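The values are calculated or read from the model by the stated rules, or taken from the named source; none is laboratory data. Since the structure is predicted, the reported quantities are computational estimates derived from the model, not experimental observations. Glycine also receives a Cβ, built like all others from the backbone with ideal geometry; neighbour counts cover every protein chain displayed.
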Amino acid sequence: MTRTIDIPTFQAAVVRNCSPTLAGIKPTSLFTYPGTYAHGDGSTTTETIAERRTRLLNVIAQCNRELDTLGIHLSVLVWRPCGALVYVYRAKSLTTYFADPRAQTALTSEGYDTRDLSTCLVHLASRITLASNNVAECACSQTRCALPQQASCSKDCTCEFPHEIGYFLGYPYDDVHEFIVQRGENYKVFGAWKVYANVEQALATFDAYRACTQYFTFIYQQGCSLAQLAQATRYRGKRRTTERTKHEQDRRRLLERHGQYRGHGKPCRRRRHVRGGRD
C-alpha cells in the first residue's frame, strides 16, 4: 500500500520515527515511507513510480527548506518496492560521531571516506541497494558493488547487507562492532538496537527516545511545525535557565536583606561568638 504523499502525512511519519533526531539527542534516524517506489513484481508502471518519486522528493524538499537552517537534512537513500528509505540526519553531529577512531577504522575498512559525509551516504545507499537482490534502486548517484573485487553487480551477486549502518544511526560504537562480530547474536538487550556493552545506559537511552517521541507527537498534534519541534528543547532549556536565574536573583535579594550575602551566590557564614574566645 502506498501511503498518501503530502506534507501532513509525511511530516507525521517524520515525527513518529525521527523525534530524537529532531530533538538533538540522536544524530540520525532512518525509516521507510511505505509505497511502491521501485519495480518488484512488475505490477506498477514506470510512469507511476516516477510520479511517486517526484511527489515525495518535492515534499522532502519543502521539509528541508524548513529544517536545513537548523542543521537537519532529509534524504532518500534507496527506492524499494516496499517504500522509500528516508534518512534524517544532523550533519554536524554525524561528522563528530565519525571522528572517533572506532568508527573511522570500521568504515574505512568497508571503503568509506569519513572525511566526506556526502560520499559516505552515497556508498551506504549503494551497499544497501546491492544487498537487495537487485529489486531496489539507489536514490543517490551511480552505484558500485559492495564487493571490492567487483566493479559492478551481476544478477547473481549476493552482496552482504551493510551492518556498518549502525554507525550511520549513531549507535554506541562497541555495540555496532559486537553486532557485526557476533552476527547479531548473543546480545544482552534488544531495543532501538541490540545491546552488548552498557545495558543500563542503553535502557536509559531507550526511555529517553520513547519519552521524546511521545512528547513531540503530542505537541505536533497541537499544531507545532517540524522547525518548532526541532527548537522545542532549546526553548525549554532557555526557559529553565531563565527560571533558575530569576530564582537565584530572588534568593540573593533575600539574603542581602538579612545581611547574609557576600557575592557569587553564596551566603556568608555567621561567626558564632562563644565565651572563652573560641568559635
query: Of all residues in the stretch 86-124, which are in contact with a helix residue (DSSP H, G or I) (Cβ under 7 Å, 6 or more places away or on another chain), farther than 18 Å from Asp175 by Cα and aliphatic (A, V, I, L, M)?
result: Val88, Ala91, Leu117, Leu124
- line: Checked Asn58, Asn64 against criteria (without any contact (Cβ under 8 Å) to a residue 12 or more places away in the chain, surrounded by fewer than 20 Cβ atoms within 10 Å (Cβ to Cβ) and within 16 Å of the chain's Cα centre (by Cα)); the one match is Asn64
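Could you please let me know if Val78 is surrounded by fewer than 21 Cβ atoms within 10 Å (Cβ to Cβ) and either over 19 Å from Leu124 (Cβ atoms) or touching a residue at least 40 places away in the same chain (Cβ under 8 Å) (or both)? Break it down stepwise before answering.
Working: surrounded by fewer than 21 Cβ atoms within 10 Å (Cβ to Cβ): no; either over 19 Å from Leu124 (Cβ atoms) or touching a residue at least 40 places away in the same chain (Cβ under 8 Å) (or both): yes.
Spelling it out, it is not the case that Val78 is surrounded by fewer than 21 Cβ atoms within 10 Å (Cβ to Cβ) and either over 19 Å from Leu124 (Cβ atoms) or touching a residue at least 40 places away in the same chain (Cβ under 8 Å) (or both).
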query: Mind checking which residues of the stretch 192-210 are under 18 Å from the mean Cα position of the chain (by Cα) and surrounded by 13 or more Cβ atoms within 10 Å (Cβ to Cβ)?
result: Ala192, Trp193, Lys194, Val195, Ala202, Leu203, Thr205, Phe206, Ala208, Tyr209, Arg210
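Residues are listed down the side, and each one gets a yes or a no for (1) in contact with a strand residue (DSSP E or B) (Cβ under 9 Å, 6 or more places away or on another chain); (2) at positive phi; (3) at pLDDT 95 or above; (4) in a loop (DSSP other than H, G, I, E, B):
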| position | (1), (2), (3), (4) |
| --- | --- |
| Ala106 | no, no, yes, no |
| Thr114 | no, no, no, yes |
| Thr129 | yes, no, no, no |
| Ser152 | no, no, no, yes |
| Glu160 | no, no, no, yes |
| Glu178 | yes, no, yes, no |
| Gln214 | no, no, yes, no |
| Thr217 | no, no, yes, no |
- request: Please go through the stretch 23-52 and pick out each residue that is assigned to a helix (DSSP H, G or I) and free of Cβ contacts under 8 Å to residues at least 60 places away in the same chain.
  value: Thr46, Glu47, Thr48, Ile49, Ala50, Glu51, Arg52
task: Tally the residues that are closer than 23 Å to Ala136 by Cβ, surrounded by 16 or more Cβ atoms within 10 Å (Cβ to Cβ) and not aliphatic (A, V, I, L, M), restricting the search to the stretch 4-20.
output: 3
